[in-house]
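Quick notes on the structure that follows.
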Amino acid sequence: MTYYIFVTGGVSSSLGKGLAAASLGALLQERGFKVRLRKFEPYINVDPGTMSPFQHGEVFVTDDGAETDLDLGHYERFTGVAARSTDAVSTGQIYSHVISKERRGDYLGATVQVIPHITDAIQEFIVRDVEEDVDFLITEIGGTVGDIEGLPFIEAIRQFAHGAGRGKTLFMHLTLVPYIASAAELKTKPAQHSVKELQRMGIQPDILLCRTEKPLPESARQKLALFCNMPPECVIEARDVETTYEVPITYSQAGLDEQVLRRFGLEAPRPNLEKWHTIVDHFRAPKRHASIAIVGKYTGLKDAYKSLGEALTHAALAHEGAVSLSWIDASTLENHDSALPMTEIAQRLSSFDGILIPGGHGERGSLGKMAAITFARENNIPCLGICLGLQLSVIEFARNVLGIKDAVSSEFSDEGTHLVGLLTEWDKDGVKETRTSGTPLGGTMRLGAYTCDLVAGSKSHEAYGAARISERHRHRYEVNMAYAQDLAAKGLLISGVSPDGKLPEMIELKDHAWFVATQAHPEFKSRPFAPHPLFLAFVGACFDHEHKKERAL
Ligand code: GLN
């Protein structure tokens, strides 16, 4: 039997609803239950892949090729359950589903309305594609209670609970209890108001999770319980913590999982949070340090490279160390139409133990990124290239080592020698038919999980410890395999290829401490308790670099 938990948020955005849902999922898992998490987004975009990372943070990609919200990344990292395309639903998808039904004539002439048609569709999407043995389905409703866009979702979950029975559903509301310094007091009024707003729409929260920077005094808890019409033990303190991996520990200590089970009349052994404590301990007392420069484009918004930061942290924690990450806007390594002189690049980058070139789109900053690649290549600095990072590594090498001065990606220019381009542009034997996903060639993204074979004895092979791997992709352009031999002759090995041998998936430099790049986005698959092998190897190389630097001093 499946129990349904709905997570809403009040007062303000950015309170960590996604983390709260993910943490509750992890706690229930630690008590032996099977969970699935999903997210409903009030925005109208049908495909979050079209939204700028500057505005909305990272686009998280699932194995089955959906471009989703970054909260699905939290869910995967915290529970280890791989998300699917059906776990992320937007208003746009619901409307387009209802509208296409209307076009097909499925409504038999009825007037199609928000209630019941949109709300019915939301309810269908809540339970769509959930395995029978899932004990808890946790659904997060994006946005803040009171938003106009969120109204159909709130009404749909109210109706859903009515239909499924209140004994099978639970409403958890995350709210803010701010500390007002001038009064030296925590204030409960905003939380009361957000609960009132929910009640007005027919929803009585069962659990009130209170984000606060100070301990929640008993008097505040009693007040919230009285005015929100709930037992005091269901008003749960959610205090600020140093690292997100501490959240499940503090929520459990505050009684969250216990109250959820009590509410459903379930019993289960207390969760064993040993492994969470271990990573928090490593976080607090790292034994080694390294600093990594991430030379990218969306460096202004912390969330734009969310999974990347997490993957580096997971790897550092597994090495019982810490990495400090410096986000460098690649265009600051450029001056007008050229990269800064190498002496200036060296000044900017020589203090780092590793350089990472992340994924991205468009030409802006590419000269700066390539200058960083040149610096890493020539100075034996560990370097990891991801997606665009791989493409630029190949172009940099072609320009500066093979002497193909006009080497470029067709993403940036129609002119020049296209070492990177759309598959459709090349008329070399067989290359045209390589895309296997069934999508039309050209102009479409290669999305989701693809298999890759690694060259025996390569650093990539050594890092993964496996000959065949699968990683998630999100890109349009590919390196032209026709240059493989020329590149290899000068020291750039294509160390991973698609099983048909036609798409280069990984590259590395033969005569370098550690310079590896991948066409995929391995960061999406890293988890705190299963750090990603490629990040482990890269961060390991950065720690070695730091160690050598110290010895040289
Ligand atoms: N813009 C490049 C492409 O579409 C790289 C994409 C990426 O880095 N995710 O191929």
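The values are calculated or read from the model by the stated rules, or taken from the named source; none is laboratory data. None of the values given here were measured: they were computed from a predicted structure. Cβ coordinates were reconstructed from backbone atoms using ideal geometry, including for glycine residues, and neighbour counts include every protein chain displayed. Quick note on the areas: whole protein, heavy atoms, side chains included, nothing else; ligands and nucleic acids left out. Shrake-Rupley method; radii C 1.70, N 1.55, O 1.52, S 1.80 Å.
Some values worked out for this structure:
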{"read-out": "For the chain, convex hull volume per residue from C-alpha positions, Å³", "value": "179 Å³"}
{"read-out": "Accessible-area order (highest first, 1.4 angstrom probe) of the listed residues Trp327, Trp276", "value": "Trp327, Trp276"}
{"read-out": "Three-way shape call for the range 439-544 based on the alpha-carbon gyration tensor, with the a/c threshold at 1.5", "value": "oblate"}
{"read-out": "Placed amide H near Ile404: partners under 5 Å, 5+ positions off or other chain", "value": "Arg399"}
{"read-out": "Unit charges at the beta carbon, dipole of the chain: most positive-side option, Ile249, Gly309, Pro116", "value": "Ile249"}
{"read-out": "Shape call, the range 27-161: gyration tensor on alpha carbons, a/c limit 1.5", "value": "prolate"}
{"read-out": "Computed over the chain: relative contact order in percent, which uses C-alpha pairs under 8 Å that are six or more apart", "value": "14 percent"}
{"read-out": "For the range 331-391: rounded, prolate or oblate by the Cα gyration tensor [a/c cutoff 1.5]", "value": "oblate"}
{"read-out": "Pairs beyond 31 Å (Cα-Cα), from Lys502/Lys525; Lys17/Lys548; Lys39/Lys302; Lys405/Lys502; Lys214/Lys302", "value": "Lys17/Lys548"}
{"read-out": "Burial ranking of peptide ranges 164-171, 531-538, 124-131, 493-500 (average Cβ count within 10 Å, highest at the top)", "value": "531-538, 493-500, 164-171, 124-131"}
{"read-out": "Heavy atoms of Arg474: accessible area, 1.4 Å probe, square angstrom to 10", "value": "40 Å²"}
{"read-out": "Interchain or long-range residues, amide H under 5 Å from Thr169's placed H", "value": "Tyr4"}
{"read-out": "Whole-number accessible area per residue in Å² for the chain, which is evaluated in the context of all protein chains at 1.4 Å", "value": "41 Å²"}
{"read-out": "Probe 1.4 Å, all protein chains present, accessible-area order of Val46, Val295, largest first", "value": "Val46, Val295"}
{"read-out": "Inter-centroid distance (Cα atoms) of the range 159-205 relative to the range 39-93, Å", "value": "25 Å"}
{"read-out": "Computed helical MRE - 222 nm, the chain, DSSP H runs ≥ 4 contributing -39500 (n - 2.57), nearest 500", "value": "-10500 deg cm²/dmol"}
